[in-house]
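Notes follow the structure.
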Amino acid sequence: MKWQGRRGSSNVRSSRGGGKMIGGGIGGIIIAGILWLVFGVNPMTALQTGQVVAGGGGSTASEPATSDDRDTQFVKVVLADTEDVWHQIFNEAGSTYQEPSLILFNGQVSSACGSASAATGPFYCPGDQTIYLDTSFFVEMRQNLGIAGDQQGSGDQDNQGKAGDFAQAYVISHEVGHHVQTLLGITQQVNEASRQVSRAQANKLSVMQELQADCFAGVWAQRNQERVQFLEAGDIDEAINAAGQIGDDRLARASGGAVVPDNFTHGTSQQRVQWFTRGLQSGNVQACDTFSGAL
């Protein structure tokens, strides 16, 4: 994946000493009408929920991520790429994209969604419209998902550390996809609907939401490729491998547990690959209506 030489986002910050909560937060009215502008139809009609307002919340005490280490710079460039692409998509729909923040933390962090540790993995908190990413994320992906990193290569210094970059970018863009869902009002409507149905039905809604974020990640990849031609040979396979490795069914088998579809919250490996690929091939948000029942 080609990423050096492009601008880095100014929205990436590092947490201080465990990330204690401070007052304030990010709030504002969500323009729910963009659902119709972008999708052409309301993908949540079947849930029979109304417009909602994005809630405010606490934010994490943080400082600008000034480190020049490779992973920090990589995160900045990927987030900047998502900003440029989603600004373009929202502008095409006649609306304005609100950029998320991204907090790099070490060990543990507090957010408007509560406390989390490195074991939580990357996550997006709608309450403060922030993505949280532990600094051990890249190492974990290389070791646990079988994604090559600095340890593997031809010995060419120019190629060292490049393998696996796009898989990592896929995960970051998936979390940005959750931010897009918050801006569109989808997250709020799913949360409201989930409180009114059974656990199995709520889990199904969660699967739809997660698969849509996968699809949005694919849309971003396609649109960013058109914009800066950043993909290299093998990049798509890396992302597809990552999507397949984190399917609910595969993770259940890996842990020695039973594969129970009613307990799935993110989708099967096949579904995750399918929806990422759909977004990638189309480059069109309209292709990402996972709520139509076509799972």
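Here, each number is a calculation from the coordinates, and none is a lab measurement. Just so it is clear, the structure is predicted and the values come from calculations on it, not from any experiment. With ideal geometry, Cβ positions are generated from the backbone for all residues, glycine too; neighbour counts draw on all protein chains shown.
The table below lists the values:
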{"quantity": "Packing rank of 88-100, 224-236, 120-132, where each peptide gets the mean count of other beta carbons within 10 Å, highest leading", "calculated": "120-132, 88-100, 224-236"}
{"quantity": "Amide proton proximity set for residue 266, modelled H, under 5 Å, gap of 5+", "calculated": "248"}
{"quantity": "Counted charge near residue 223, where neighbours are those whose Cβ lies closer than 11 Å (Asp, Glu -1; Lys, Arg +1)", "calculated": "-3"}
{"quantity": "5 angstrom amide H check on residue 13, placed H, neighbours 5+ away", "calculated": "65, 102, 103, 104"}
{"quantity": "Ordering of 193-199, 72-78 by packing [mean C-beta count within 10 Å, highest first]", "calculated": "72-78, 193-199"}
{"quantity": "In order through the stretch 168-174: 3J(HN,Hα) via Karplus (6.51 cos²θ - 1.76 cosθ + 1.60), integer Hz, x for Gly, Pro", "calculated": "5, 5, 4, 5, 4, 5, 5"}
{"quantity": "Fewest-first ranking of 223, 278, 7, using other Cβ atoms within 10 Å as the exposure measure", "calculated": "7, 278, 223"}
{"quantity": "³J(HN,Hα) computed for each position of the stretch 131-136 - Karplus, 6.51 cos²θ - 1.76 cosθ + 1.60, integer Hz, glycine/proline x", "calculated": "9, 10, 9, 6, 5, 8"}
{"quantity": "The stretch 113-127 - phi-based ³J(HN,Hα) in whole Hz, Karplus 6.51/-1.76/1.60, Gly and Pro as x", "calculated": "9, x, 7, 8, 10, 4, 5, 5, x, x, 8, 10, 10, x, x"}
